[in-house]
Each structure stands twice: as structure tokens, then as C-alpha cells.
1. Counting Lys +1, Arg +1, Asp -1, Glu -1, what net charge surrounds Asp138 among other residues with beta carbon under 13 Å of its beta carbon?
2. Tally the DSSP beta bridges in the chain and give the antiparallel ones as a percent, rounded to 5.
3. If you rank Ile27, Ile340, Ile157 by fewest surrounding Cβ atoms within 10 Å, what's the result?
4. Taking Cα pairs under 8 Å and at least six residues apart, what relative contact order does the range 2-247 come out at, in percent?
5. Would you work out which of Gly296, Thr197, Tyr278 lies farthest towards the positive end of the dipole of the chain? Charges go on Cβ: Lys and Arg +1, Asp and Glu -1.
6. Going by a ≥ b ≥ c, the root eigenvalues of the Cα gyration tensor, does the range 313-369 fall in the rounded group (a/c under 1.5), the prolate group (a/b larger than b/c) or the oblate group?
7. Once each part is reduced to its C-alpha centroid, what is the distance from the range 36-74 to the range 289-346 in angstrom?
8. For a protection proxy built on the mean count of beta-carbon atoms within 10 angstrom, sort 124-131, 30-37, 199-206 highest first, please.
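A short reminder: the numbers here are calculations on the coordinates, not readings from a lab. Since this is a predicted model, take the numbers as computed values, not measurements. Positions of Cβ are backbone-derived with ideal geometry, glycine not excepted, and every protein chain shown enters the neighbour counts.
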Amino acid sequence: MAGVYIHIPFCKAKCRYCDFTSYPGKIGFAEAYMACVLQEIKLRAAALQGKVFDTVYFGGGTPSVIDAKWIAGCMRRIRECLLLQDGAEVTIELNPGTVTADKIAAYKAAGVNRFSVGLQTAVDSQLSDLGRVHTAADFSECCRLLGKDNFNADVMIGLKDQTFADVEKTVRLAHGAGASHISLYALTPEDGTPMYTDYLNGELPDGDEVASVYERARGLLESLGYARYEVSNFAKPGFESRHNCNYWRRGEYIGFGVSASSFMNGRRFTNTRDLDEYMKCILSNRFPVVDDEAIGPEDAKFETVMLALRTSEGLDEAAYKRDFGSEFYDDFKAAIQKNIRFLERSERGRIRIKGEYLYVQNHILVDFLQ
């Protein structure tokens with residue numbers, strides 16, 4: 001099984017922390033851009049024959065700012081050109097204030113069955129500081145429109161002047177609104193973003209403070225019935241994101257649109273981040289790929305370990321041996337010995353990072369890279 005990712009780069013305004021490829025104020029290009037995405041799917045179709053896809057994910061940007069007919073058109077083209085499994089998980093990212101009852105009905109008619117709503121925080125002053133263009137009340141209204149549908153809420157920690165009480169208020173708002181899944185992300189101040197200036201000025205909490213908030217939020221989420229299955233993701237039973245699980249299991253995926261990444265047939269390749277260049281390539285019937293590399297066996301081993309150890313289920317030793325013909329303990333002996341106190345073996349023959357250390361897994365995984 002494999003996944004499909006569609007990148008919609010348009011948004012109302014660029015958030016102060018955003019390092020993704022997005023174009024605020026260019027919604028007028030949406031029709032021409034989406035026509036190019038449909039053409040890219042068609043151009044890729046022949047090489048993807050025989051692949052079965054069981055997830056589709058519309059990300060951005062803000063996919064919900066464009067006309068819903070383009071989401072429906074994408075789904076029609078995917079079904080025409082690719083082998084989409086019955087019952088596939090189809091997710092679209094929404095921002096509060098950008099959807100209506102009619103839009104949601106159109107998404108459902110097109111086959112969307114999972115929604116990811118960008119809440120971030122329930123404190124309006126913090127939303128304003130992040131550059132978000134919605135309020136907590138807008139989030140509640142969005143959830144009212146979704147009703148009992150399967151939806152995720154994004155929650156962000158590590159914000160300026162944020163207290164744990166703020167985080168608890170946010171988590172409880174998402175839970176009370178009916179979220180079946182909550183993603184808990186730590187703010188990452190990326191160089192080149194306005195938020196990076198706040199970081200340089202010492203206005204953001206330090207790593208230890210954020211880790212403390214994360215652990216308390218984890219306890220709250222688990223008390224509310226959300227199980228952690230990846231360092232930043234918590235779900236009610238049966239509501240884990242199948243699309244993201246495919247990434248963490250190093251499954252194949254194909255990306256369409258500007259800056260979209262793919263992993264197919266042992267190669268990773270990425271489309272250009274330049275909107276004009278992307279459209280010029282597609283209109284010339286050329287693939288807009290700017291990076292393309294074959295993944296060698298040693299890199300494949302590290303990727304497998306790195307992705308698996310982000311999850312609560314960990315690394316399947318038997319599967320590792322089946323895929324690579326060698327033992328995990330032999331291949332990473334030094335790293336395992338150095339970090340043995342952070343690791344444990346489950347009853348199902350999986351190696352995983354102990355729960356209390358999962359949040360700081362990057363500090364552990366660097367040893368496996370070496």
C-alpha cells in the first residue's frame with residue numbers, strides 16, 4: 001500500500017512560524033495551479049500502474065481556501081489514473097474560518113472522510129501573535145459544522161508567554177469539540193521566519209520548559225482517552241492517521257504539486273518550491289523534480305530505525321531482519337549500547353524508546369545516524 005499527497009500552497013496569510021511552501025495573496029492562481037496538479041497526476045499515471053494507494057492527504061498551505069470543486073476534481077483524477085483502494089482514508093487540512101457547511105458537504109461527496117483542523121491554541125492573543133487569522137470561537141464553529149466526523153485538532157506548545165493552563169484549555173477545547181485525534185507539536189522557530197526573531201530575542205520558552213509542558217499535556221491527553229502512538233500524535237482507539245503511519249513505517253508515497261516530496265521504488269524525489277517553475281514544467285509536460293536520489297541500503301536501515309523509534313510501537317526486529325538480511329543489534333551495536341537505558345523490548349519483539357524518553361528521541365537517534 002502507498003499514499004498520495006497533494007500540496008495546496010495557498011493561504012489567507014502566512015503564519016509567523018511557517019516555513020512551508022505557501023503563497024498568501026495568490027489565490028487568483030488557484031485555478032491554473034490546480035489544473036497543473038491534475039495534469040501532473042496524469043503524467044505520473046503510467047509509472048504508477050500496479051501500485052495500490054490507500055490514503056490521500058490534501059495539505060498546505062490551507063487547502064480549504066480554494067474552491068471545493070478542485071478538491072473534488074483531484075479525487076476524480078486520482079480515481080481515474082491511480083488504483084485507489086475501497087475505504088481509503090482521505091484527509092484534508094482545514095483552517096477555522098475558511099469552511100462552510102456547503103464546502104464540507106462537497107468534500108464528503110468527493111470522498112473526504114477525515115479532517116485536520118488547525119487550532120494551535122485556545123488563547124486568542126496567542127493566535128494573533130502566531131499570525132493565525134482565526135479565533136478559538138472560529139474553531140468551535142468549524143467543529144460544529146463537522147459534527148461527529150473523524151477529525152484531528154492541531155495543538156502547539158512552546159509559544160511565547162504560554163502556560164500549562166493555556167495548553168490544558170486548548171486540549172480540553174479540542175476534546176470537548178469531539179476531536180478523535182489530537183496532534184501536539186512543539187513550536188520550531190525556523191531560520192528565516194518572523195518567529196525566529198522571537199527565538200533570538202529569548203522570548204520563547206527553553207527546551208526544558210517545553211519538555212515539561214509536553215509531559216503534562218501527554219498525561220492530560222491520556223486521561224481523556226487519547227493514546228500516544230507517535231511522539232506528537234495522540235488518538236482515540238482506531239483513529240490513528242493511516243497516512244502518517246505509512247510515513248513512519250517507511251511506506252511508499254507519491255506527492256503532487258509544488259514542493260511535494262515522494263518516495264517510490266527506493267528513490268526520494270521532490271518538486272520545485274517555485275510556483276512559476278512548477279507550472280511551466282507541467283505545461284511543458286515535464287516533471288518538476290529538482291531533487292532525486294536513490295536510497296542505499298545503509299541509509300535505508302537508518303531511515304527504518306529513525307522512523308520506527310518515533311512511534312510507541314517501535315521497531316519490529318523480525319521485519320528488520322527480513323528486509324535487510326541482518327540483525328538490528330549487529331548493525332547498530334554501538335548506538336544501542338550507548339543508549340541502552342533509554343530502550344526497551346516489548347512482548348511482541350519490538351524495540352522502542354521508553355515512554356518517558358520519547359519526547360527527546362532526537363538526542364537518542366543522532367547516535368544511530370553515526
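1. For residues surrounding Asp138, the net value is +1.
2. Beta bridges within the chain, antiparallel portion: roughly 40 percent.
3. Ile340, Ile27, Ile157
4. 18
5. Tyr278
6. Since a/c reaches 1.5 but b/c is at least a/b, the shape of the range 313-369 is classed as oblate.
7. The distance from the Cα centre of the range 36-74 to that of the range 289-346 comes to 31 Å.
8. Ranking, from highest mean packing down: 30-37, 124-131, 199-206.
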